[in-house]
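**Student:** One structure follows; several queries about it will come next.
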Amino acid sequence: MVDNHVVDPRRATGSLTRRMIGVAALWIVVLLLGGGIALDRLLGSAITRTFDNQLEYVLNAMITSSEIDPAGEVHFNRPLADQRFLDPNSGLYWQVSAPGVEPFPSRSLWDRQLRIPKHVDVNAIHTYDSHEFPDDTLRIVERNVTLPGSTALWRFQVAQTRTGLDDQIAVLRKTIIRAFVILGLGLIIMAALQATFGLWPLRRVRRSIAQVRTGEIARIDDRLPIEIAPMVEELNDLLAHNERQAEEARRHAGNLAHALKTPLTVIMNEATAGSSDLVATVIREARTMRRQVDHHLARARAVGRRGSAQSRADVWIALKAVERAVSRLYRHVTIDLAGDKQAVAHVEHQDLEEMLGNLIENAAKYGQGRVFVTVVREAGFVEVIVEDDGPGIPEAERTLLFERGARLDTGKPGTGLGLAIVRDVVEIYEGTIALEESEDLGGLLVRLRLPAAV
């Protein structure tokens, strides 16, 4: 199946896979670059130290084999073993010098001499690079020594061109770069595979959502990693919630249509028959239709607001508002409020006021002048208890009050839909309502339980 869903570029923030690969690649490059530089310096220093140690060995051999002849000049009691000291411009040289004495060079220097720095430290070995020869960079090791039988400070120098040393370092550096490039590419490929494979379940979820949207499936039932499974469960719960709301909307529409059908039929029959009682019939049936419309509108509003996670209503504030309104209608009635003033219910404030308004108005209407309201919070619920001092209702007749249009006292005005609407709205919010007998006032006790807000 071809997925025709097009992502709005204004809402997209780029590819998560590319972002993860990019971050991983950048971090890998930084780490390998830093590690490569450190390793290059470490191994380069080690090779240089080995090179210098060889020159120092030759320098010490020169010093230990040096003697002062009767003419006051230095000569070696045994020749140095390296043949390169005898080959002109071989790249390996030595030189012995002292103030006021002609320098004594190796044959490999031929017609050149090593430059003599002006430092005069005795018995300290100095190692440095010199560019005194235009075609070669020299690595020089030197030491000032006072020989037996001489008062002069003799400077012994051993020099070797850096060509071999630099070649070794270049080979090492090339090897490090090649190895780190291969390692970096391997790590980046691994990061790409990890990101692609790790995010693959999200692609499965996307395809499943597209199938849900096109009606191929109703739920996402794929087995997914534990990191994604809670999100999919929440998504399935949302789909189920939307289905319930849609089903409730269809059922409410059907119920409303059925409820209006009978009054409309009566009106049409009366009008067709030319009844003299048409006006009274229209008024009576219109009132019936209005009650039904009010009832279903109240349910529809509650269903539409139920899914909001921000549905919170302060019970005490709602009670005070209802108490003020009912007290103005029934001035002879005393309404007492007590209980938990901090209780918050998981319902919309408007729905809570409508439910409490119906209950407290009924208590004021059918009581003898006293209404007592108590708020209790317990076990995840907020309980509102409304008691009156009226005649009460026999237990066998209490369930009848929840029927639409049911009224036990027809002597007082009303539509008979109050408790029916309250029951329906309470059930929508997954609460309960029960009718009991008040032990304190002797009348009816209505126990309304609603989920408490977290």
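The values are calculated or read from the model by the stated rules, or taken from the named source; none is laboratory data. Treat the numbers as computed from the prediction; the structure is a model and nothing was measured. So basically every Cβ, Gly included, is an ideal-geometry build from the backbone, and we count neighbours across all protein chains shown.
**Student:** Regarding Asp136, is this residue surrounded by 13 or more Cβ atoms within 10 Å (Cβ to Cβ) and acidic (Asp, Glu)?
**Tutor:** Numbers: surrounded by 13 or more Cβ atoms within 10 Å (Cβ to Cβ): yes; acidic (Asp, Glu): yes.
Answer is yes for this residue.
**Student:** Further question on the same structure: Let me confirm something: among Leu80, Leu32, which residue is surrounded by 14 or more Cβ atoms within 10 Å (Cβ to Cβ) and at pLDDT 90 or above? Write out each step before concluding.
**Tutor:** On the way: Leu80 fails: at pLDDT 90 or above.
Checking each option against the conditions leaves just Leu32.
**Student:** Any residue at all in segment 39-54 that's more than 60 Å from the chain's Cα centre (by Cα), loosely packed, with under 13 Cβ neighbours inside 10 Å and either part of a loop (DSSP other than H, G, I, E, B) or free of Cβ contacts under 8 Å to residues at least 40 places away in the same chain (or both)?
**Tutor:** Scanning segment 39-54, I find no residue that is more than 60 Å from the chain's Cα centre (by Cα), loosely packed, with under 13 Cβ neighbours inside 10 Å and either part of a loop (DSSP other than H, G, I, E, B) or free of Cβ contacts under 8 Å to residues at least 40 places away in the same chain (or both), so the answer is no.
**Student:** Among the residues of segment 167-193, which ones are exposed (fewer than 15 other Cβ atoms within 10 Å of the Cβ) and either in contact (Cβ under 8 Å) with a residue 24 or more places away in the chain or touching a helix residue (DSSP H, G or I) at 6+ places or on another chain (Cβ under 6 Å) (or both)? Before the answer, list the steps.
**Tutor:** Pass one, segment 167-193, residues exposed (fewer than 15 other Cβ atoms within 10 Å of the Cβ): 167, 170-171, 174-175, 177-179, 181-183, 185-186, 189-190, 193.
Across segment 167-193, the qualifying residues are Ile177, Leu183.
**Student:** Now, a different point. For the structure I just gave you, tell me whether Glu67 is surrounded by 11 or more Cβ atoms within 10 Å (Cβ to Cβ), acidic (Asp, Glu), assigned to a helix (DSSP H, G or I) and in contact (Cβ under 8 Å) with a residue 12 or more places away in the chain.
**Tutor:** Values: surrounded by 11 or more Cβ atoms within 10 Å (Cβ to Cβ): yes; acidic (Asp, Glu): yes; assigned to a helix (DSSP H, G or I): no; in contact (Cβ under 8 Å) with a residue 12 or more places away in the chain: yes.
Judged against the criteria, Glu67 is not a match.
Residues are listed down the side, and each one gets a yes or a no for (1) assigned to a helix (DSSP H, G or I); (2) farther than 26 Å from Met20 by Cβ; (3) β-branched (Val, Ile, Thr):
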| site | (1), (2), (3) |
| --- | --- |
| Val205 | yes, no, yes |
| Arg223 | no, no, no |
| Ile226 | no, no, yes |
| Glu243 | yes, yes, no |
| Glu247 | yes, yes, no |
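**Student:** Could you please find all residues in segment 429-445 being crowded, with 20+ Cβ neighbours inside 10 Å and over 25 Å from Pro391 (Cβ atoms)?
**Tutor:** Listed by number, the residues that qualify are Tyr429, Gly431.
**Student:** Among the residues of segment 383-393, is there at least one that is closer than 17 Å to Thr432 by Cα and in a helix (DSSP H, G or I)? Before the answer, list the steps.
**Tutor:** So the first thing to find is which residues in segment 383-393 are closer than 17 Å to Thr432 by Cα, and the list is 383-387.
Subsequent filtering for residues that are in a helix (DSSP H, G or I) retains none.
The answer is no, given that none of the residues of segment 383-393 is closer than 17 Å to Thr432 by Cα and in a helix (DSSP H, G or I).
**Student:** Among the residues of segment 113-162, write down those that are of a type outside the set (Ser, Thr, Tyr) and under 60 Å from the mean Cα position of the chain (by Cα). Let's see the steps before the verdict.
**Tutor:** Applying the first criterion (of a type outside the set (Ser, Thr, Tyr)) to segment 113-162 yields 113-126, 129, 131-136, 138-145, 147-149, 152-160, 162.
Those that are of a type outside the set (Ser, Thr, Tyr) and under 60 Å from the mean Cα position of the chain (by Cα): His126, Asp129, His131, Leu138, Arg139, Arg162.
**Student:** So, of the residues in segment 12-29 that are under 20 Å from Ala191 (Cβ atoms), without any contact (Cβ under 8 Å) to a residue 12 or more places away in the chain and not polar (S, T, N, Q), which turns out to be surrounded by the fewest Cβ atoms within 10 Å (Cβ to Cβ)?
**Tutor:** Gly14
**Student:** I'd like to check which strands (runs of 3 or more DSSP E) are fully inside segment 92-152 and have at least 3 residues that are touching a residue at least 60 places away in the same chain (Cβ under 8 Å). Please lay out each step first, then the result.
**Tutor:** Working: elements: 92-98, 101-105, 125-133, 136-145.
Fully inside segment 92-152 and qualifying: 92-98, 136-145.
**Student:** Still on this structure, please answer the following. Within segment 84-121, which residues are within 16 Å of Tyr57 (Cβ to Cβ) and either surrounded by fewer than 18 Cβ atoms within 10 Å (Cβ to Cβ) or touching a His at 6+ places or on another chain (Cβ under 6 Å) (or both)?
**Tutor:** Listed by number, the list holds a single entry, Arg84.
**Student:** Looking at His258, is it modelled with pLDDT under 75 and under 30 Å from Ala240 (Cβ atoms)?
**Tutor:** Values: modelled with pLDDT under 75: yes; under 30 Å from Ala240 (Cβ atoms): yes.
Spelling it out, His258 is indeed modelled with pLDDT under 75 and under 30 Å from Ala240 (Cβ atoms).
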